[in-house]
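**Q** My questions all concern the structure below.
Since every read-out is calculated from the coordinates, none of them should be taken as a lab result. The shown structure was predicted, so the numbers you read here are calculated from the model rather than taken from an experiment. All Cβ positions, glycine included, derive from the backbone under ideal geometry; neighbour counts span all protein chains shown.
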Amino acid sequence: MSMRSLPAPAVPESTARVARAAFPRGCLAMRIRDEFGPVFESEQFVATFAHRGGPSVSPGMLALVSVMQYAERLTDRQAADAVHGRIDWKYALGLQLADLASISQCSASSATG
């Protein structure tokens, strides 16, 4: 796998609007994003990736998924489902609401592989 150094995505406006409507007082995942911004930047991981090969999923996103998975005591499959279906996790990761998130496939593959 190779990695391009890209900045973490901003929270899409539609995701922010729906998340704030669903969680008017916030929640852990939203507070993490609001207080710290993107917690892990992919640039922190560039040296660990090859320069050749197919593009990887953002290691910064995977690291944040691991932290939230631990905080909520979720299995790998449950964490993958949370990335795919939970508004608060999409907010924390800066994903579009309709994004099926290839990150969830990568998280789930560690459970089965």
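**Q** Measuring from a point 7 Å past the Cα of residue 25 along Cα-to-C-beta, which residues in the range 59-79 have an amide N at less than 20 Å?
**A** Counting backbone N atoms under 20 Å from the label point, the list is 72.
**Q** Run the numbers for residue 52 and residue 36: contour at 0.36 nm per residue of separation, minus the present Cα-Cα distance, in nm.
**A** 2.6 nm
**Q** Taking the Cβ of residue 19 as the center, what net charge do the other residues with Cβ under 10 Å away carry, scoring Lys and Arg +1 and Asp and Glu -1?
**A** +4
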